[in-house]
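> There's a structure below that I have some questions on.
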Amino acid sequence: MRVMVIIKSDENAEAGVLPGDEVVGSMIKYNEELIKAGVMLAGEGLHPSVKGARVTFKAGKATVVDGPFAEAKELIAGFWLWQVKSMDEAVEWVKRMPASQGTSDDQVAEIEIRQVFENEEFDGQISPELQEQDARQRSGLQ
Amino acid sequence: MSAAQRAVDAVWRIESARIIAGLARVVRDVGLAEELAQDAVVAALEQWPESGVPDNPGAWLMLIAKRRAVDYLRRQETLTRKVAELGRGLEDHTESFEAEVDAALDDDIGDNLLSLVFTACHPVLSPEARVALTLRLLGGLTTDEIARAYLVPETTVAQRITRAKKTLAQKQIPFEAPRGAELSERLPSVLEVVYAIFNEGYAATTGKNWVRPTLCEEALRLGRILAELVSGEPEVHGLVSLMEIQASRLRARVGRDGRPVLLLDQNRTLWDRILIRRGLIALDRAFAIGEPVGPYTLQASIAACHARAATAEDTDWAQMVRLYELLGELTPSPVVELNRAVAVGMASGPEAALKLVDALADEPALSAYHLLPSVRGDLLAKLGRTAEARAEFERAATLTRNESERILLLERAHSLP
């Protein structure tokens, strides 16, 4: 199964403060470990929300709000896509992440793990017509 | 499953190959190494529910496994000493087992893992045994999981693994990865095992059976690990590329009704772009290392040719013909020839292709191969020779062993004007 591992942002990341060499070094090592284990499919870091935008819809009308956004800890600073055997394996990998070990008392780092839907999971859950519609939507053909 | 059990499972999945490989280097017996590692798992299952999961569960398992190995070596030494006493008096053994074990476990882990791969895939074992042992020792799959994936009784898999371990011990297969030219020579047998695992999952995929895609995932994971371990070998990247690109089509190759969908009819929007991208990167790596271009890299190039085309019509068929020609030179086979004919048909029209297919008519290897009449039927249909085409599709239908494919072929026969 695939999971998306979401790294939550914090004030520093939102301020565009880049982590020190030591942190970067240990993350590179960790990434290497993930790659060597055949677990990591993809992963990217994100710029602070000041460079981002939100689009909200109401009554079919789109409104664009430029960043930055409030509540740094609810924002996303980066993500990985992993291929794992179970949610437990994903949790076990996250526990080995350097950032989770270097936290001090007044500091909270949060990583969220979410399972990615597989196509087969829709079988029997929703009607074939809706599945078809979903496939069309995803492919942008509708 | 309890939380502790699930934790043991997850840690085992991540650590087992490393632990087994490290122990095998000390005790010089893969089967024994696995048993010692399993002892550590049993200890974890006994203790973690009471004591809680330790902060560093991997290190915990490693420590217990190491102690078991030391105990084992001490017993062995005692035995040797007793034998020696009976013979020619006491000999002074001052070796520090702990240090020896520590050194082996801390040594280049990649090297240990590679030795484990080459031992599990040793040519002295039957192909089935190699597959089972690799999944067990490197994939961390249980006997039960392997059995379910291969749709065979668990006892069969257990026997295969037991026999394989015994064979390795009896034939005194050294626990080591070959080096230099010998590595390149032995590597194909390793890649074969990985690809066999992948194909078992790929060819039987129904879209509903979770077990089969698991085999594809497992093979891909093994391939990706190998690509890091022997990154200088182009064919490793070729195989990984081939598997990534083929796996990218898993969602599209089975229709909603469970029937196979031919590559050119597949909904390409269902292709997994992440896997395609990874496949193309792996292919670049293979070519970057350079000559000679091996069969996996060529097959991956063919797969990439499909992957790069946004629609079936966009496929670069001329390039495809060239690639099949190269593959035919490298690994001559009537099946490759048949595929080349299909590519020629797309590039230069059905007439030229039909000539190539007809030249294969007497090929004994293809006498019962349903794709020969199927391809011929397709070309005849395009040439408007309907009656002949229908006969070929019907013949193909009698030859296939796959029920859904048979239905598909009969439909094609009956839909002809």
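The values are calculated or read from the model by the stated rules, or taken from the named source; none is laboratory data. Quantities reported herein were computed from a predicted structural model and do not represent experimental measurements. Cβ atoms come from the backbone with ideal geometry, glycine included; neighbour counts cover every protein chain shown. SASA here: full protein model, heavy atoms, side chains in, ligands and nucleic acids out. Shrake-Rupley method; radii C 1.70, N 1.55, O 1.52, S 1.80 Å.
> Quick one: which residues, 5+ away or cross-chain, put their amide H under 5 Å from the amide H of A:Leu41? H built at 1.01 Å from N.
Result for A:Leu41 returns A:Leu81, A:Trp82, A:Gln83.
> While we're looking at this one, here's another question. Just in region B:182-268: which trypsin sites (Lys or Arg not before Pro) are loop by DSSP and have at most 15 other Cβ atoms within 10 Å?
Of the trypsin sites (Lys or Arg not before Pro), the ones in loops of region B:182-268 whose Cβ has at most 15 other Cβ atoms within 10 Å are B:Lys208, B:Arg256.
> A follow-up question, please. Could you derive backbone 3J(HN,Hα) for region B:253-258 from the dihedral phi with the Karplus parameters 6.51, -1.76 and 1.60 (θ = phi - 60°), listing whole Hz in sequence and x where the residue is Gly or Pro?
Each residue's phi maps through the Karplus curve to give 8, 10, x, 4, 7, x Hz.
> Sticking with this structure for a sec: Work out which GluC sites (Glu not before Pro) in chain B are exposed loop sites (DSSP not H, G, I, E or B, at most 13 other Cβ within 10 Å) and give the longest gap free of them.
After excluding every exposed loop site, the longest remaining stretch is B:96-417.
> Semi-axes of the equivalent ellipsoid of region B:289-417: what are they in whole Å, largest first, if each equals the square root of 5 times a C-alpha gyration tensor eigenvalue?
Ellipsoid semi-axes (Å, largest first): 27, 17, 14.
> Carbon and sulfur: what percent of chain B's accessible surface (1.4 Å probe)?
Here carbon and sulfur together make up 51 percent of the probe-accessible area.
> Another question about this same structure. Please give the Cα centre distance for region B:321-374 versus region B:285-314, rounded to the nearest Å.
After rounding, the separation between the Cα centres reads 19 Å.
> Quick one: buried accessible area between A and B, total over both chains, 1.4 angstrom probe, nearest 100 Å²?
2400 Å²
> Find the relative contact order for chain B and round it to a whole percent, using C-alpha pairs within less than 8 Å whose residues are 6+ positions apart.
Taking the mean separation of contacting Cα pairs over the length of chain B, I get 9 percent.
> Show which lysines lie in cross-link reach of B:Lys82 when reach means a straight Cα distance below 29 angstrom and same-chain residues fewer than eight apart are skipped.
Reachable lysines: B:Lys66, B:Lys165, B:Lys166, B:Lys171.
> For A:Ile113, enumerate residues with amide H under 5 Å from its amide H, sequence gap 5+ or separate chain, H modeled in the peptide plane.
Residues meeting the criterion, in which the H sits 1.01 Å from N, are A:Ile6.
> Okay, moving on. What are the ³J(HN,Hα) couplings of region B:380-396, residue after residue, when phi is run through the Karplus curve with 6.51, -1.76, 1.60 and θ = phi - 60°? Round to Hz, x for glycine and proline.
Per residue, the Karplus-derived 3J(HN,Hα) values read 4, 4, 5, 7, x, 8, 4, 4, 5, 4, 4, 4, 5, 4, 5, 5, 4 Hz.
> Can you give me the accessible area per residue for region B:313-417, using a 1.4 Å probe, in Å²?
54 Å²
> Now for a different question. Taking the alpha-carbon centroid of each part, what is the distance from region B:140-204 to region B:1-55 in angstrom?
Spelled out, the Cα-based centre of one part sits 20 Å from the other.
> Can you figure out the FRET efficiency of A:Lys29 with B:His414, using R₀ = 45 Å and their beta-carbon distance, to the nearest 0.05?
0.15
> If Rh is defined by the Kirkwood formula over all Cα pairs and Rg also comes from Cα, what ratio Rg/Rh do you get for chain B?
1.07
> To make sure I understand the rule: partners must be lysines, Cα under 30 Å from the Cα of B:Lys382, and not fewer than 8 residues away in the same chain. Which ones qualify?
Leaving aside lysines fewer than 8 places away in the same chain, those within reach of B:Lys382 are B:Lys355.
> Say each of B:Glu329 and B:Ala158 gets a label point 7 Å from the Cα, pointing the same way as Cα to Cβ; how far apart are those two points in nm?
5.3 nm
> Check each residue of region B:225-246 and keep those whose accessible area, probe 1.4 Å, is at least 40 Å² smaller with all protein chains in place than in the chain alone; give them in order of residue number.
SASA drop of 40 Å² or more in region B:225-246: B:Glu228.
> What fraction of the Cα pairs in the protein assembly as shown, stated in percent, has a spacing above 30 angstrom?
Beyond 30 Å sits 60 percent of the P(r) for the protein assembly as shown.
> Do you know which residues of region A:44-89 lose at least 10 square angstrom of accessible area in the protein assembly compared with their chain on its own, with a 1.4 angstrom probe?
A:Glu44, A:Leu81, A:Gln83, A:Lys85, A:Asp88, A:Glu89
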